[in-house]
Structures are given as structure tokens and as C-alpha cells.
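Worksheet for the structure shown next.
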Amino acid sequence: MENQAIVDLIDKTAESRAGDGDGMWYCELIVCLAALAKGEFASLVYNKAITGMDPETDRDGRKRVWELLREAALKVTPVTTNWRVFKALVPIIQVMDPLDVPDAGGFHTFTLGDAEKKKGEAWLARAYGEERATREIAVTNKYAPDYGDYLRMVIASIFDDEKIFNFLQTETLLILAMISQNEYQMTATHVLAYVRNGGTKGGVRLLIKFAEEVAEAIGQKIVGFPGLDELLGTV
């Protein structure tokens, strides 16, 4: 029953998002499933994502699917502080054609100089607001400067890099991952970042609804976002 419910959910999501063309639907679905500790179903989502992509004539399209999924894991893991999304890639690796792995290797380089520190600080200000970003930077510089440097390096190398996902797409994945883990209080920061940077309040509600639908399909229930209307009323 659970497997069939997942298959139905995958089919429904793929059909409703068929015109998007950006690959976000399967990234969003796998992020939710992984956050709900059901990452073993990721291979079903992957197989649906590459349906119709001929290995001989659309190898680039198949490689793009893997690029997006790998990037989703890279974006989500540092914020959710667990490895569920990365673990969800394992069942995909077990079924995918090795030729569908991009030739370029890693997408990111990790360095920490003045430029990277400034990038990290600018991204924090964009996401959290100037006042909070300044406060957090000051606290980490005083009490855990090595962590502060690590944080800015990760932000500059992964989050500030928008070659694959732009800011709103990244925040979309973070919101879905955290709300699926019932971390709605921590999600608030990302909801505000989403709206302040061009996302709509209606879009936030759709994300919460989608996470709830995924949970329901596998027989789970998440708390959603109590106080969402009040939070959205502040922006």
C-alpha cells in the first residue's frame, strides 16, 4: 500500500509540474521524502524523472537530473544538519547508468579568503537581514571564529553559487526539508528570506501544503507551520 501511494504521489507530482522544465519537482519530492526518513523511495522518483529520456539521444538531459539532485543534497545538508538527502542518493546510484554522471566532477571549490568571507557575509545579510547577519557574525567571531570561517566558506562556495539553483530555489528546498522535519520554528527564517527575495506568500503556503501531502501519502503527519499567517504578516 505504501509503495503504491508513493507511486501515485510521484505520478501526480510529475503530471502537475510537467510544464515547469526546471527539474525542481523531483528535487523537492526527494528532499521531502528524505526528510521524512523515506529516502529509499528516491530511486522511484529518479526513474520517473528520466522517463522518456533516451540514453542515446538525451544523455545530457539524464546528466542534468543527477546534477540537480546532487546540488539539492549539497544545499540542504548543511542547514538541516543531517545526511538524509545524501543518503537518498544511494538508491539512485544503485539504479542509474554510470554514463549519466556528469564528466566535470565536483561543481564547487572550497576556499576561504577575504573575497569568500565577504560573499558569505553578504549572503547572510540577504537571507536574514543586515541586523541579524551582523549580530551572528559578531557572535561567531567572538566565541567560535573557526566555525564562523567554516560557515562563510560553505555559504560562499555553495549557497552563493547560483549556477544550478538560484536563491529562491535554494530557499524552496530548505523550507521543504525543514518543515518536513517539523522544524517550523527554524523554518521561519527561511520563509522570511523567501518572501523578502521575490517569493510570494501564496508560494510559501503551497510549499507547506506540498510537504503535508507528501507526509500524508506515506502515512505520516507533520505539524505544518503554526503561526504562518502571523509571520507572513510581518513582511
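Contact annotation: residue pairs with Cβ atoms under 7 Å, 6 or more positions apart or on different chains, pairing a residue in the range 10-22 that is within 13 Å of A49 (Cα to Cα) with a partner that is among the basic types (K, R) and at pLDDT 95 or above, are I10/K48; A14/K48.
The numbered conditions (1) surrounded by fewer than 17 Cβ atoms within 10 Å (Cβ to Cβ); (2) under 13 Å from P91 (Cα atoms) are all true for A37 except (2). A single member of V139, V95, V101, V154 is under 30 Å from K63 (Cβ atoms) and outside the structural domain of D58 (by TED's automatic domain parsing), and it is V154.
Take the residues of the range 123-143 that are at pLDDT 90 or above and hydroxyl-bearing (S, T, Y): which is surrounded by the most Cβ atoms within 10 Å (Cβ to Cβ)? By that ranking, first place goes to T140. Any residue in the range 180-195 that is over 17 Å from K209 (Cα atoms) sitting within a Cβ distance under 9 Å of a residue that is among the small types (G, A, S) and modelled with pLDDT of 95 or more? List the pairs, counting only those 6 or more apart or interchain. Between residues of the range 180-195 that are over 17 Å from K209 (Cα atoms) and residues that are among the small types (G, A, S) and modelled with pLDDT of 95 or more, the close pairs are A193/G199. For the range 109-136, the set of residues classified as under 28 Å from K63 (Cβ atoms) and out of contact with any Lys or Arg (no Cβ under 9 Å at 6 or more places or on another chain) consists of T109, F110, T111, listed by residue number.
Go through the range 126-168 and report how many residues are outside any helix (DSSP H, G or I) and of a type in the set (K, R). Walk me through it before giving the result.
The initial filter retains those residues of the range 126-168 that are outside any helix (DSSP H, G or I), namely 129, 144, 160-166.
Those left that are additionally of a type in the set (K, R): 163.
Residues meeting the conditions: 1.
For the range 45-62, check the following and say yes or no: at least one residue is touching a residue at least 12 places away in the same chain (Cβ under 8 Å), within 19 Å of A177 (Cα to Cα) and not basic (K, R). Looking through the range 45-62, at least one residue is touching a residue at least 12 places away in the same chain (Cβ under 8 Å), within 19 Å of A177 (Cα to Cα) and not basic (K, R). For the range 129-171, a residue qualifies if it is over 25 Å from T109 (Cβ atoms) and either within 12 Å of the chain's Cα centre (by Cα) or not basic (K, R) (or both), and the qualifying residues are G129, E130, E131, T134, A138, V139, Y143. Just one residue in the set Q181, Q185 is within 23 Å of T81 (Cβ to Cβ), polar (S, T, N, Q) and buried (at least 19 other Cβ atoms within 10 Å of the Cβ); that residue is Q181. Checked against (1) of a type outside the set (D, E); (2) touching a Leu at 6+ places or on another chain (Cβ under 8 Å); (3) crowded, with 20+ Cβ neighbours inside 10 Å, N197 passes all but a single condition, namely (3).
The values are calculated or read from the model by the stated rules, or taken from the named source; none is laboratory data. Predicted model only: the values in this text are computed from it and were never measured. Please note: Cβ atoms are built from the backbone with ideal geometry, for glycine as well, and neighbour counts cover all protein chains shown.
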